[in-house]
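Asks: Sharing a structure, written as C-alpha cells. Questions coming.
The values are calculated or read from the model by the stated rules, or taken from the named source; none is laboratory data. Keep in mind it's a predicted model, so treat the numbers as computed, not measured. So basically every Cβ, Gly included, is an ideal-geometry build from the backbone, and we count neighbours across all protein chains shown. To get the accessible areas, we keep the full protein, side chains included, count just its heavy atoms, and leave off ligands, DNA and RNA. Shrake-Rupley method; radii C 1.70, N 1.55, O 1.52, S 1.80 Å.
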Amino acid sequence: MARHDQYREEVAGRANVEDTPELLAYYSDLEKKGAAALWTVANKIEPWEPVSQSVPMIWRYGDLRDDVLRSVELVTPEKAGRRVIYLDNPGRSDVAAAVGWIYAGLQVMHPGERASAHRHSASAIRFIMEGQGAYTVVDGHKMTLGVNDFVLTPNGTWHEHAVDEAGTPCIWQDGLDIPFVNAMEANFYEVHPDLAQAVTYPVDDVTRTWGNPGLTPGGGAWDKDYSPLFKYEWDRTYEALSGLAQARDGSPFDGLLMEYVNPVTNGPVMQTLGASMQMLRPGEKTKAHRHTGSYLYQVCKGSGHSVINGKRFDWTERDIFCVPSWAWHEHANGSAREDACLFCLSDLPVMRALGLYREEAFGDNGGQQPVTA
Ligand SMILES: [Fe+2]
Ligand SMILES: [Fe+2]
C-alpha cells in the first residue's frame with residue numbers, strides 16, 4: 001500500500017490492524033468455520049477508487065493476422081466449434097477477457113464455410129475486419145456484411161456465421177459479454193437441432209425496415225430488449241460522422257463521437273454491450289479523461305496514438321487496444337491530412353443502467369498526460 005493511502009486509511013478510520021500471534025490464531029479459527037474478519041480484506045474489496053485488473057494493451061493486426069489465418073490449416077470449424085483466436089489480457093486470463101468483463105476474439109472463415117447455428121445467454125457483435133461475402137443469420141434474418149460493418153447476435157437469438165462461395169477469406173472481431181454473464185453465473189449455450197436455421201425474411205430486411213434515419217415503420221411493434229436493427233453499416237456511419245464534423249465541434253475528450261443505438265428506444269444496441277464510432281479530425285489530439293467501464297477499440301481508419309495511464313500506444317488500421325476502467329486516456333490522430341476512426345465496444349450500458357458510471361477530466365498539464373512509457 002502506498003504511504004499516502006496508509007495515512008488516508010488511518011485518519012479515515014479504515015482497516016489498519018497489525019498481525020499479532022493472537023489475531024493470526026483467531027483468523028485461523030474463523031477460517032475453519034467458513035468465516036473471516038472483514039478488516040483483513042476491507043481495504044482491498046472496497047478501494048478508494050476502481051482498481052482495474054486489466055492491463056492497458058494493444059493487439060497489432062500485423063502481428064496476429066498470419067496466426068489467425070494459420071488456424072484454418074490447423075483445425076476445422078466443425079472440430080473447433082468456433083475457430084477463434086481470442087485476445088488474452090494478462091490481468092484477466094482467469095476469465096478469458098480482453099478487458100474488464102469483455103471477451104474478444106479474431107475469427108477467420110473461408111468462402112463456402114458455415115458455422116453451425118447456436119444460441120447462448122452471452123450477447124455478441126461480429127465486426128468485419130477484412131474480406132467479402134460474409135453474412136450472418138439471426139433469428140431468420142440474413143444480413144450481408146462488409147468491412148467495418150457489424151452485426152448483433154443478442155442474448156438468446158439463434159445465429160450462424162458464414163461466407164458466400166463467391167466471397168474471399170473473411171476475418172472479423174467477435175466481442176461478447178461472456179466473462180460478465182459467467183460472473184453472473186447465468187450462461188446457457190445451445191446448438192440448433194438442425195445445425196442451421198431457415199432464412200425467413202428477405203435478405204437485409206432489418207436495415208430496410210429499421211435503418212432509416214428519422215423514420216420508424218408503421219405497425220412495427222418491437223418488444224425485445226435489444227435493437228431490431230441487427231446490422232450497422234460503415235458507409236452510413238462514416239457519412240453521419242462526416243456530416244457531424246460540419247455541424248459540431250465535438251468533445252475535447254472524444255472528438256466527434258456517435259453512439260450506435262436501438263432505433264426503438266434510442267438506448268444502447270444491447271443490454272450489456274454498447275458500441276460507438278469516433279472520428280479524430282486531421283491532427284486532432286484529445287484531452288485526457290477517465291471514466292468507469294471497460295473499452296475495446298478497433299482502428300477502422302487512419303493511424304495515430306493513444307496515451308493510456310501515461311503509456312503511449314501507436315496504432316494503425318485494424319489494430320485493437322483496450323482502455324480499462326478508470327484509466328486515464330487520450331487519443332491523437334497522427335495524420336495532418338486524413339481523419340482517423342475508432343470503433344469502440346464497451347460495457348457502458350451496464351455501467352449506466354446500474355448507476356456506476358463516473359467520469360473525470362485530467363486537470364494538470366493542459367489536459368494532457370505526461371508520457372512515462
Ligand atoms: Fe455465438
Ligand atoms: Fe473516454
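Asks: Tell me which of these Gln107 doesn't satisfy, since it passes every other one: (1) polar (S, T, N, Q); (2) part of a loop (DSSP other than H, G, I, E, B); (3) closer than 18 Å to Thr153 by Cα.
Replies: All conditions pass for Gln107, except number (2).
Asks: Being within 16 Å of ligand 1 (Cβ to nearest atom), open to solvent by less than 60 Å² (accessible area, probe 1.4 Å) and over 29 Å from Pro56 (Cβ atoms) is the requirement here; does Ala122 meet it? Break it down into steps so the answer makes sense when it comes.
Replies: Values: within 16 Å of ligand 1 (Cβ to nearest atom): yes; open to solvent by less than 60 Å² (accessible area, probe 1.4 Å): yes; over 29 Å from Pro56 (Cβ atoms): no.
Considered against the rule, which asks whether it is within 16 Å of ligand 1 (Cβ to nearest atom), open to solvent by less than 60 Å² (accessible area, probe 1.4 Å) and over 29 Å from Pro56 (Cβ atoms), Ala122 comes out as no.
Asks: Determine if the stretch 234-243 includes at least one residue that is open to solvent by less than 70 Å² (accessible area, probe 1.4 Å), within 16 Å of ligand 2 (Cβ to nearest atom), at pLDDT 95 or above and not in a loop (DSSP other than H, G, I, E, B). Even if it seems obvious, please write down each step before you answer.
Replies: Within the stretch 234-243, the first condition is being open to solvent by less than 70 Å² (accessible area, probe 1.4 Å), and the residues that meet it are 234, 237-238, 240-243.
Remaining after also requiring within 16 Å of ligand 2 (Cβ to nearest atom): none.
Checked the stretch 234-243: no residue is open to solvent by less than 70 Å² (accessible area, probe 1.4 Å), within 16 Å of ligand 2 (Cβ to nearest atom), at pLDDT 95 or above and not in a loop (DSSP other than H, G, I, E, B).
Asks: Is it true that some residue in the stretch 166-175 is away from ligand 2 (no atom under 16 Å from the Cβ), among the β-branched types (Val, Ile, Thr) and within 21 Å of the chain's Cα centre (by Cα)?
Replies: Initial filter on the stretch 166-175 (away from ligand 2 (no atom under 16 Å from the Cβ)): 166-175.
Checking which are among the β-branched types (Val, Ile, Thr) leaves us with 168, 171.
Filter once more, keeping what is within 21 Å of the chain's Cα centre (by Cα): 171.
So far as the stretch 166-175 goes, yes, one or more of its residues are away from ligand 2 (no atom under 16 Å from the Cβ), among the β-branched types (Val, Ile, Thr) and within 21 Å of the chain's Cα centre (by Cα).
Asks: Quick check on this structure: which one of Thr136, Thr144 is open to solvent by 20 Å² or more (accessible area, probe 1.4 Å) and polar (S, T, N, Q)?
Replies: On the way: Thr136 fails: open to solvent by 20 Å² or more (accessible area, probe 1.4 Å).
Only one candidate passes the filter, namely Thr144.
Asks: Let me ask something else. Do we find a residue being modelled with pLDDT of 95 or more, within 16 Å of ligand 1 (Cβ to nearest atom) and buried (at least 20 other Cβ atoms within 10 Å of the Cβ) anywhere in the stretch 344-356? Quick ask: steps written out before the conclusion?
Replies: From the stretch 344-356, those modelled with pLDDT of 95 or more are 344-356; that's our starting set.
The next check asks that each one be within 16 Å of ligand 1 (Cβ to nearest atom); those that pass are 345.
Filter once more, keeping what is buried (at least 20 other Cβ atoms within 10 Å of the Cβ): 345.
Checked against the condition, which is being modelled with pLDDT of 95 or more, within 16 Å of ligand 1 (Cβ to nearest atom) and buried (at least 20 other Cβ atoms within 10 Å of the Cβ), the stretch 344-356 yields at least one hit.
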